[in-house]
Amino acid sequence: MALLVLYRSLAIVQPRKSIRIDGQSGGADRIFISPDPLGSGGSGTKRSRDEQGSDIGERENTRIQDIRKWIGAPDPSTNFVAACNKMTEGTGLWLVNDVNFEEWKNQGGLFWLQGKAGSGKTFLCTTAITTLKDFGKSFGKPVFYFYFDSLDSSGSKTKYEGLVASLLSQIGTHSRYDHTDVESLYKDNEQGHTKAPAHAMKTTIQDTLKKCPKTQATYIFLDAMDECRTDNQFQVKNLIQDLLTLQNIHIFVTSRHSSLGLEEEIQAELLEKADGQIRWVDCQLTSLQELGTKKAIQKALKTLPKTIEDIYAYALDKIPEEHRDEAECLLQWILFSYRPLKIKNAAEVLAIDLEKQEVNNYRDDLSESNLHKIISSTIIVIAGGEYDEKNVQLAHPSVKEFLIRSKSGHSNKIYHKVKVESVEMAHEKFPLTWYAVHYWARHVEKVEDLDGKMTKLVMTLLKFENNFLNRILCWDKPNHYASKCISSETSDSALYHTCARRMGVGVIVRLLVDAGADVNAQLKGGEFGNAEFGNALQAAAAAYGENKGIVKLLVDAGADVNAQGGKFGNALEAAAAAYRGNEGIVKLLMDAGADVNAQGG
């Protein structure tokens with residue numbers, strides 16, 4: 001005897017309607033149960049010529065077989081046939097004749113059958129599949145199914161990946177459905193030479209079903225969901241919920257009562273201890289999903305961390321020793337980078353060898369799953385960014401607060417010194433070059449107390465060794481390979497260009513001045529050069545943004561406020577001509593003796 005539960009909402013754990021139907025196995029019309037799963041579309045099942053359609057050529061058939069072989073889905077027909085062979089005639093007809101089943105068959109939605117172990121749920125599911133297949137042949141309504149099986153030797157029938165692979169193999173290659181999406185996935189994975197991840201297979205299933213005509217009903221049967229791995233059941237339920245948002249979808253699920261009971265146990269425990277903290281609940285669910293057995297989940301429920309801080313501390317403690325340096329490096333970048341860290345650049349970050357001061361030639365494949373092997377999804381998540389590129393970011397603002405407060409980020413003293421021989425090589429082998437060029441000075445500025453090592457690093461960067469920095473500083477110019485970039489290799493040109501940068505560079509200017517840079521050095525250049533402002537003071541006065549501190553530093557160091565040259569003629573004209581006018585700088589220059597009547601450029 002099984003308990004029949006008919007759901008009409010997406011809230012799987014809160015059914016609208018619960019009906020117990022007493023055992024009605026006898027007295028029903030005879031039903032023929034065929035052991036041949038025609039039309040299932042499953043891997044290894046043979047379709048009839050009529051079902052495939054006479055217009056499908058041999059070449060396309062071969063292509064479809066190649067795609068099915070590539071997907072490599074577990075074959076659910078073996079479970080179907082095994083159940084058919086054990087059943088007697090008339091088994092389960094009371095279910096398919098029930099008004100609730102008939103309503104679901106015609107209207108769609110979710111039909112969830114629950115019962116104790118050994119109550120015949122698999123036989124009832126198999127009867128329903130057979131009935132719908134006969135119905136589908138007459139009215140053109142495809143039927144797909146999957147049996148979770150804890151006795152499966154390969155283990156694939158206990159996993160979410162096995163389910164989506166099977167459904168993709170059945171739905172994506174069925175003669176009544178568009179094959180475009182599954183063929184596209186096949187091509188995207190090097191014509192079947194690489195495996196597709198589960199999320200990509202799920203998306204392909206959804207995209208294929210979205211292309212169905214509104215009148216095209218799709219029936220999906222999932223038997224014994226309680227035999228799915230515990231840590232995969234959330235994904236299965238999410239798949240069910242997402243599929244139910246599509247039109248004309250009919251989903252039939254069977255499971256034991258205990259599966260739902262565990263979910264209710266989790267719900268009750270979390271609600272009792274949450275104290276209104278949604279983030280705390282979210283973190284606990286993420287952690288519980290990583291556990292593989294009911295026993296482990298129940299044990300974890302008894303030892304839940306009491307606060308969000310405890311959760312974060314536990315997640316950091318769980319980072320494997322082999323990944324701790326990588327995790328620290330990634331967290332530093334995520335915490336303090338002025339730009340979001342793209343997932344493709346995360347590999348570049350980890351390729352930096354600080355001990356050897358070079359970029360490794362190899363790159364690890366940092367997929368989303370691999371990143372979460374380094375740092376838990378409680379701490380970081382992968383989110384969409386600009387131009388469909390994915391970014392690695394902190395899972396919640398509270399994570400940043402925790403890391404900063406606990407000094408896990410080790411302050412803003414982040415630096416990566418890398419030996420690079422040319423701009424071309426840097427850009428090809430080290431895509432973070434652009435970020436380094438534009439933001440390194442801002443990171444230095446954030447350091448409150450430069451130690452000897454940091455000072456030495458900054459001065460090394462400013463030496464124009466091998467003319468590298470000279471060229472890299474011109475990188476953002478339209479003609480960054482032009483020969484008209486400044487050619488001097490002295491600290492004077494470094495001072496000039498540093499002042500011209502449109503970012504806070506006070507610390508660097510101070511270091512250069514202390515190192516003996518000439519604050520009154522006049523540099524030549526023009527529209528296509530990199531010394532259009534003539535001298536450091538004019539460059540600082542003209543720069544967009546509030547550069548008053550740098551201008552004052554130069555004036556205090558003896559810069560001539562009336563020095564002539566460059567695009568604007570003098571610093572006062574440069575400040576006045578700046579975007580929106582640098583009024584504070586104008587006043588500072590006038591107080592320092594700037595001649596308001598001096599001829600401009």
Inset, instruction - For a quick protection proxy, order the peptides 508-520, 302-314 by their average other-Cβ count within 10 Å, most packed first. - result: 508-520, 302-314
Legend entry - Packing-based exposure ordering (other Cβ within 10 Å, fewest first) of Val99, Val555, Val507: Val99, Val507, Val555
Inset, instruction - Grab the other residues whose beta carbon is less than 13 angstrom from that of Ser156, score K and R as +1, D and E as -1, and report the net. - result: -1
Legend entry - Formal net charge of residues neighbouring Ala200 (Cβ-Cβ distance under 13 Å; K, R +1; D, E -1): -2
Legend entry - Residue-count net charge about Asp223 - beta-carbon cut-off 11 Å; Lys, Arg +1, Asp, Glu -1: -1
Inset, instruction - Quick one: order Thr230, Thr62 by neighbouring beta-carbon count within 10 Å, fewest to most. - result: Thr62, Thr230
Inset, instruction - Within 10 Å of each residue's Cβ, count the other Cβ atoms and sort Phe568, Phe148, Phe336, Phe80 from fewest upward. - result: Phe336, Phe568, Phe148, Phe80
Inset, instruction - Using the structure shown, list the pairs from Lys302/Lys373; Lys318/Lys400; Lys86/Lys133; Lys116/Lys202 with a Cα-Cα distance above 22 Å, or answer none. - result: Lys302/Lys373; Lys116/Lys202
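Values quoted throughout were computed directly from the atomic coordinates according to the rules given, and no laboratory measurement underlies them. If you're wondering where the values come from, they're calculated on a predicted model, not measured in any experiment. Note that we place each Cβ from the backbone using ideal geometry, even for glycine, and neighbour counts take in every protein chain shown.
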